[in-house]
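The values are calculated or read from the model by the stated rules, or taken from the named source; none is laboratory data. Only a predicted model underlies this, so the values are computations on that prediction, with no experimental measurement involved. Here Cβ is always computed from backbone atoms with ideal geometry, including for glycine, and neighbour counts include all displayed protein chains. Ligands, DNA and RNA are stripped out before the accessible areas are found, and what is left, the full protein with its side chains, is counted by its heavy atoms. Shrake-Rupley method; radii C 1.70, N 1.55, O 1.52, S 1.80 Å.
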Amino acid sequence: MDHKFWHERWESGRIGFHEGRPNPLLVEHFAKLSVPVGGRVFLPLSGKTLDIDWLLERGFRVAGAELSEIAVREVFERLGVSPEIEEIGDLKRYRGPALDLFAGDIFALTAALLGPVNAVFDRAALVALPDTMRGRYTEHLASLTKAVPQLLFCFEYDQEILEGPPFSISATEVAAHYAELYEISQVERHVLEGGMKGVPAAETVWLLEQR
């Protein structure tokens, strides 16, 4: 993960990956995770997603890890919350009611620091990482969260025509990363209107449930 690349994107405001609304597929499929009200959901590489607001409004607690401190600050500004800020090693923890966001490299986050979570929603993390890092990431995520249920969003397109991020991740690769710990089911696959930057593409939604 090229820290400089992502920091420059946030500093310059080139964040086309940010959605201006809660993700419709999260809204549609979140119940499949069976998170109890008051349960805690972890969003890796969370950006400043409005999915956080959607979860909080429904009585869930949220934890996130995000490289850009700009993004983390903007979440709390949007919520109108003045966070408690604590430096912990290479990370900064921003804390508010029912919300913990860790600013810094997700690989610096430990299970003890994160604390228990009931589920993971990965909309933008796996697809943001080059193939050389994805195995390390998925192993780290399972260790952080004790392999709790997960909703995973991926894209499929011809990587020879278009370079990521977001990167193309096939069903075969999803299985290679997750099949040892999870039962994997595809809950949705749809063709993206207009493709990925003009290249034909599909979006897939996977439900990962611990074996």
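Helices in the chain, meaning DSSP H runs of at least 4 residues, each add -39500 (n - 2.57). Divided by all residues, the mean residue ellipticity at 222 nm is -8000 deg cm²/dmol.
When each of the peptides 27-38, 166-177 is scored by how many other beta carbons lie within 10 Å of its residues on average, the order from highest to lowest is 166-177, 27-38. Two numbers describe the Cα atoms of region 27-83: Rg and Dmax, which are 11.6, 33 Å. As a ratio to 2.2 N^0.38 Å, the alpha-carbon radius of gyration for region 114-211 is 1.07. Computed over protein heavy atoms with a 1.4 Å probe, the accessible surface of region 82-166 works out to 44 Å² per residue.
Placing dummy labels 7 Å off each Cα toward the beta-carbon, the span from Glu57 to Ser34 is 2.7 nm. Note on Val199 and Ile161: the model spin-label points, each 7 Å out from Cα along the C-beta direction, lie 0.8 nm apart.
Estimated at 0.36 nm per residue, the fully extended path between Gln210 and Val27 surpasses their Cα-Cα distance by 63.7 nm. Beta bridges assigned by DSSP with both partners in region 124-211 are antiparallel in approximately 95 percent of cases. Solvent-accessible area of Leu50, all protein chains in place: 40 Å² (probe radius 1.4 Å, heavy atoms, ligands and nucleic acids excluded). Computed about its Cα centre, the charge dipole of region 100-179 is approximately 380 debye, with only Lys, Arg, Asp and Glu carrying charge at their Cβ.
Based on the Stokes-Einstein relation at 4 °C and a viscosity of 1.567 mPa s, and on the Kirkwood radius from alpha carbon pairs, region 32-163 is assigned a translational diffusion coefficient of 85 µm²/s. For Val120, the residues whose modelled amide H falls within less than 5 Å of its own, excluding neighbours fewer than 5 places apart on the same chain, are Phe42, Gln150, Leu151. One decimal place: the segment Lys92-His190 gains 31.5 nm when fully extended, by the rule 0.36 nm per residue minus the C-alpha distance. For region 47-148, trypsin sites (Lys or Arg not before Pro) meeting the loop criterion (DSSP other than H, G, I, E, B) and having at most 12 other Cβ atoms within 10 Å: Arg58, Lys146. Please list, or write none, the lysines whose alpha carbon is within less than 24 Å of the alpha carbon of Lys32, excluding same-chain residues fewer than 8 places away. Reachable lysines: Lys48, Lys146. Beta bridges per DSSP, both residues in the chain: antiparallel share near 65 percent.
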